[in-house]
Amino acid sequence: MPSKLLIAAADAAFGARKASTFGIEATPSVDGRAVLARVRKQRDRFVAETLKSIEKLPAGICVKQRARFSDATTLALEDGRKVSAKAIVIATGSRPSVPKEFEKLGDIVLTNETIFELRPLPRSIAVVGAGPLGLELAQAMARLGVETVMFDQGDRIAALRDAEVARSLRMVLGKEFPIHLGVKLEVEKNGDGARLSWSGASSGTASFERVLVAAGRPPTLDDLNLAAAGLETSDKGIPKFDPSTLQCGDAPIFLAGDADAQRPVLHEASSEGAIAGQNAASFPKVRKAKRAVPLSIMFTDPPLAVVGATPSDAMVVGSASYDDQGRARVRRETKGWSGFMPARTLA
Ligand SMILES: Cc1cc2nc3c(=O)[nH]c(=O)nc-3n(C[C@H](O)[C@H](O)[C@H](O)COP(=O)(O)OP(=O)(O)OC[C@H]3O[C@@H](n4cnc5c(N)ncnc54)[C@H](O)[C@@H]3O)c2cc1C
């Protein structure tokens, strides 16, 4: 939610800048402190509303403690108590990962959890990671007047499989802030900021006041003592589970939300919570659920929506550009591309 609040402020600044196209004169002046103060105030309001709904749970249902497994049906709480249950749902979410080489930069490094605590906006920011969170925040920062440069070791923007959409998105967003894909980074402290040198598909050196590391959000499973639960895990330490029941092997344990690293978006976490919760409640009777069509949306401008199955050679692919689309011209939004429309599958 705080990222969307920042994007809303950035959209306001951008809208004011392009208003003259429509014969409306406006010269925006961004007050970074005020922007971030509103982000925090509104975020805290949303959090308080969610917490209020949790407070409504009957006494004894909600226990506010960190928990780890003692065995497959018992959790040890941090205050020393133990809780036993017929079945357990793991829904511990994810947290930002900061690669080791950035640790030496100390608090120059920001993540999607700390960036909203800034007081003034920085003058410049390097964004490491061209995934949806990095792109949303990079565009917002650039539109708020922060000198922004993005880096990614991979050569795909937003992990897109459709080459045309990826090319178009990179071109459109790249007009607002430089995007260096396929580069290896070396980082060092430089006074109150950081110096980044990059090489690979492009090369250079630049200094930044802050570095936002948006290099993924792995599941928060490491302090759960999964070994005590006797679960078989993947090489990434994620319990093996059935995506249609969310059950881990044949254990009375279910995995839901970002913790399973399958579809890390809110509506999927909510839907998986319902599937896992129902199966845990009716355990050992476990039902396979029909999963929703995959859908994810990135709230850049233009936004990116990914719907349905990933591309395969057996599909007929259609595409359309927004470069000369009527409604896009009316709004001066002639940028973007619709691609990979699997109208039918070849026999
Ligand atoms: C900056 C940002 C922007 C996003 N924007 C979007 C968006 O636009 N659209 C969208 O669909 N999704 C978005 N997401 C993703 C979405 O927020 C997540 O998919 C969703 O919150 C996952 O829900 P969850 O319940 O699995 O995990 P979480 O919401 O992370 O909740 C997990 C909870 O488990 C608790 N916990 C962890 N370990 C323990 C333990 N040992 N004992 C007790 N409790 C524990 C944590 O404290 C936390 O409260 C965004 C995420 C971020 C970070």
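By the beta-carbon count within 10 Å of each Cβ, the least crowded to most crowded order of Leu5, Leu51, Leu118, fewest first, is Leu51, Leu118, Leu5.
In terms of distances greater than 18 angstrom between alpha carbons, the cross-link table entries Lys86/Lys285; Lys236/Lys285; Lys64/Lys236; Lys100/Lys189 yield Lys236/Lys285; Lys64/Lys236. Spherically averaged projected area of the convex hull of Cα atoms, the range 295-340: 3.8 nm². Among Ile297, Ile125, Ile7, the order by Cβ neighbours within 10 angstrom, fewest to most, reads Ile297, Ile7, Ile125.
Remark: relative contact order (the range 295-340) = 31 percent; criterion is Cα-Cα distance under 8 angstrom and separation of 6 or more residues.
Magnitude of the charge dipole for the range 174-213, about its Cα centre and with charges confined to Cβ atoms of Lys, Arg (+1) and Asp, Glu (-1), is about 100 debye.
The aspartates and glutamates within cross-link reach of Lys52, meaning a Cα-to-Cα straight distance under 16 Å and a gap of 8 or more places when in the same chain, are Asp44. If R0 is taken as 51 Å, the Cβ-Cβ distance between Ala227 and Arg38 corresponds to a FRET efficiency of 0.70. Considering only Cα atoms, the convex hull volume of the chain works out to 183 Å³ per residue.
Pairs of C-alpha atoms in the range 45-98 farther apart than 14 Å represent 67 percent of all such pairs. Neighbour counts of other Cβ atoms within 10 Å put Arg45, Arg38 in the fewest-to-most order Arg45, Arg38.
Compared with the rule-of-thumb size 2.2 N^0.38 Å for a compact globular protein, the range 190-279 has a Cα radius of gyration ratio of 1.59. Estimated purely from DSSP H runs of n ≥ 4, each contributing -39500 (n - 2.57), the mean residue ellipticity at 222 nm for the chain is -8500 deg cm²/dmol once divided by its residues. Placing a label point 7 Å from the Cα of Ser270 along the Cα-to-Cβ direction, the residues of the range 277-294 whose backbone N falls under 16 Å of that point are 277, 292-294.
The charge dipole of the chain, taken about the Cα centre with unit charges on the Cβ atoms of Lys, Arg (+1) and Asp, Glu (-1), comes to about 860 debye, rounded to the nearest 20. Within the same chain, lysines fewer than 8 places from Lys18 are excluded, and of the rest, those with a Cα less than 26 Å from its Cα are Lys4, Lys175, Lys335.
Decide, for the range 236-276, between rounded, prolate and oblate: order the square roots of the alpha carbon gyration tensor eigenvalues as a ≥ b ≥ c, take rounded if a/c falls under 1.5, and otherwise choose prolate if a/b is larger than b/c, else oblate. Verdict is oblate for the range 236-276.
Values in this text are rule-based calculations from the coordinates and carry no lab data. Because the structure is predicted, anything quoted here is derived from the model rather than measured. Here Cβ is always computed from backbone atoms with ideal geometry, including for glycine, and neighbour counts include all displayed protein chains.
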